[in-house]
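Shown next, in structure tokens, is the structure this report addresses.
The values are calculated or read from the model by the stated rules, or taken from the named source; none is laboratory data. None of the values given here were measured: they were computed from a predicted structure. Counting neighbours? That spans all protein chains shown, and the Cβs are built from the backbone with ideal geometry, glycine included. To get the accessible areas, we keep the full protein, side chains included, count just its heavy atoms, and leave off ligands, DNA and RNA. Shrake-Rupley method; radii C 1.70, N 1.55, O 1.52, S 1.80 Å.
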Amino acid sequence: GGIITQTPKFLIGQEGQKLTLKCQQNFNHDTMYWYRQDSGKGLRLIYYSITENDLQKGDLSEGYDASREKKSSFSLTVTSAQKNEMAVFLCASSIGWGGDAEQFFGPGTRLTVL
Amino acid sequence: QQQVRQSPQSLTVWEGETAILNCSYENSAFDYFPWYQQFPGEGPALLISILSVSNKKEDGRFTIFFNKREKKLSLHIADSQPGDSATYFCAASQGGSAKLIFGEGTKLTVSS
């Protein structure tokens, strides 16, 4: 078994601020993902990384940067936080990169922008 | 454009009843359909999945029925238990793609 750790659990920022969310996994998985979850809107893919030196944009990449520092860690940066923004950011990993590879999710980082 | 749609948005059933959660999709190239279960404060976890070559998949009390012609599938939860109360997401992907497209979820409440 393994675990995905996301830090921080809660993040409160100011409008225009640059904010960084971190994710660590000990599954030894190759592929990692960042999703945004808004209330009533499901999960939307922001960035994913198939291998350690890979970075690919998802459907919601505008306003975000990502970095795969090493195989076990994947960071997401909100480049300029938007006022009244509230969402949960979920990190996931999978052993392979095909759509049928089971994704394991972390507990999420809850973002509030004042 | 929402490629994967779920209904109802929320559903309440009594303990012991069968809960039926519906999902439809637009892209006929989708060939893999997982259902993820999410409890409050946690990330989603894979519950059960089906490939488009099958029309039914069972795992204990959970069954997926798949209709490729109508581009619809449903998750049946038999003998529903209060511990099944969660949000269920239908998702879809296309062979060779790393992207999973999620629906908006159905919040299930099982009352005792």
Breaking point among (1) closer than 27 Å to A:Q56 by Cα; (2) more than 13 Å from every other protein chain (Cβ to nearest Cβ); (3) of a type in the set (S, T, Y); (4) in a strand (DSSP E or B), for B:T63: (1)
All positions within the stretch B:66-112 that are farther than 21 Å from B:L11 by Cα, assigned to a loop (DSSP other than H, G, I, E, B) and within 14 Å of chain A (Cβ to nearest Cβ): B:G95, B:G96, B:S97, B:A98, B:K99, B:L100
Over the stretch B:49-60, the set of residues outside any strand (DSSP E or B) and closer than 16 Å to B:A92 by Cα is B:S52, B:V53, B:S54, B:N55
Long-range neighbours under 8 Å by Cβ, at least six apart or interchain, first residue within 20 Å of A:T79 (Cβ to Cβ) and in contact (Cβ under 8 Å) with a residue 60 or more places away in the chain within the stretch A:1-30, second charged (D, E, K, R) and part of a loop (DSSP other than H, G, I, E, B): A:E15/A:K83
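So that you can scan it fast, the table gives a plain yes or no per residue for (1) in a strand (DSSP E or B); (2) within 14 Å of another protein chain (Cβ to nearest Cβ); (3) among the charged types (D, E, K, R):
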site	(1), (2), (3)
A:G2	no, yes, no
A:T20	yes, no, no
A:F27	no, yes, no
A:Y35	yes, yes, no
A:D54	no, yes, yes
A:D59	no, yes, yes
A:N84	no, no, no
A:F89	yes, yes, no
A:A101	no, yes, no
Output the number of residues of the stretch A:61-75 satisfying the condition of being hydroxyl-bearing (S, T, Y) and either outside any strand (DSSP E or B) or at pLDDT below 95 (or both). 2
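Part of a strand (DSSP E or B), under 20 Å from B:P44 (Cβ atoms), more than 11 Å from chain B (Cβ to nearest Cβ) and open to solvent by less than 50 Å² (accessible area, probe 1.4 Å): is that true of A:L45 in this structure?
no
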Being closer than 21 Å to B:Q81 by Cβ, free of Cβ contacts under 8 Å to residues at least 60 places away in the same chain and not aromatic (F, W, Y) is the filter here; which residues of the stretch B:23-48 pass it? B:Q37, B:P40, B:G41, B:E42, B:P44, B:A45, B:L46, B:L47, B:I48
